[in-house]
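Everything on this sheet refers to the single structure shown next.
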Amino acid sequence: MTQQGAAGVATAVAESVQYQGRKASREGSELRRQQILDAAMRIVVRDGVRGVRHRAVAAEAGVPLSATTYYFKDIEDLLTDTFAQYVERSAAYLAKLWENTEVVLRQLLAQDDGSSQWRARLADEVAKMTCDYVQRQLHNRRDFLMAEQAFRQEALLCPRLAELVKLHEQILLRGAVQILQVVGSCQPQQDALVLTAIIEQMEYQGLLDAEQAQAEAPKLAILTRYLHLVLASV
């Protein structure tokens, strides 16, 4: 798996993000624009998408109301760019994660002796890495997961936002495809679709239930069973 693999996929997604609002012409202006987008994200996490209004965002960001209306002509532009910034940052985060994962996988693949026992160990290791990812998401990035859920719901009513949601989903999906190809899945696209669906369901259940968020063993058991089924077919 090269830099053009999973990490390259995430980087390409980050570079493809397009913003709708007015572009900042100076460094100070860009800082203010970032403050507005960060404030809007905090409101989404705290109050949901419907809490995002120009006046509320200006107050949260500590900027004049005229600043929000200058950069974003309407709420749709503001919401779209808020999630666009999140997609861009998520892609950068996952690019680094894929790079680290690549190192571990290369070490494992170097030990391949062609035995079924080794394939079982590989499935165990990939399941553990995936479970660790879900746990980190729930423990360290809970606010971001909350925002994702809010934007997914709003995307049902907003076509521009829907395109960004689809782009965001591709980061995890295409990265999973690349990694499953490397570890030997016979149907990496199909297997990645199921794996990312499992991950997203675990994240959602973890947001709903604090006990499920803390419980690692049930998640690991499900992921281990699935990855054994995937790699046993090789």
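The values are calculated or read from the model by the stated rules, or taken from the named source; none is laboratory data. Since we're looking at a predicted model, the values are computed, not measured. For neighbour counting, all protein chains shown are included, and Cβ atoms are generated from backbone atoms with ideal geometry for every residue, glycine included. Remember, those area values only see protein heavy atoms, side chains included, never the ligands or the DNA or RNA. Shrake-Rupley method; radii C 1.70, N 1.55, O 1.52, S 1.80 Å.
Where helices (runs of 4 or more DSSP H) fall entirely within the range 1-118, those with at least 3 residues that are modelled with pLDDT under 80 and closer than 25 Å to GLN153 by Cβ are at 6-16.
Comparison of LEU227, LEU161 shows that the only residue that is under 20 Å from ALA10 (Cα atoms) and open to solvent by less than 20 Å² (accessible area, probe 1.4 Å) is LEU161. Would you call VAL126 among the β-branched types (Val, Ile, Thr), out of contact with any helix residue (DSSP H, G or I) (no Cβ under 8 Å at 6 or more places or on another chain) and on the phi < 0 side of the Ramachandran plot? Here the answer is no, as VAL126 does not meet what is asked. Among the residues of this structure, TYR133 does not count as one that is open to solvent by 70 Å² or more (accessible area, probe 1.4 Å), of a type in the set (Phe, Trp, Tyr) and part of a helix (DSSP H, G or I). Please find, among GLU102, GLU60, the residue that is of a type in the set (Asp, Glu), open to solvent by 10 Å² or more (accessible area, probe 1.4 Å) and closer than 18 Å to ARG42 by Cα. One residue alone meets the criteria, GLU60. Residues that are touching a residue at least 60 places away in the same chain (Cβ under 8 Å) and either open to solvent by 30 Å² or more (accessible area, probe 1.4 Å) or β-branched (Val, Ile, Thr) (or both) within the range 182-206 comprise VAL182, VAL183, ILE199, listed in sequence order. Might you let me know whether the range 206-220 holds any residue that is polar (S, T, N, Q), within 18 Å of the chain's Cα centre (by Cα) and assigned to a helix (DSSP H, G or I)? For the range 206-220, residues polar (S, T, N, Q), within 18 Å of the chain's Cα centre (by Cα) and assigned to a helix (DSSP H, G or I): absent.
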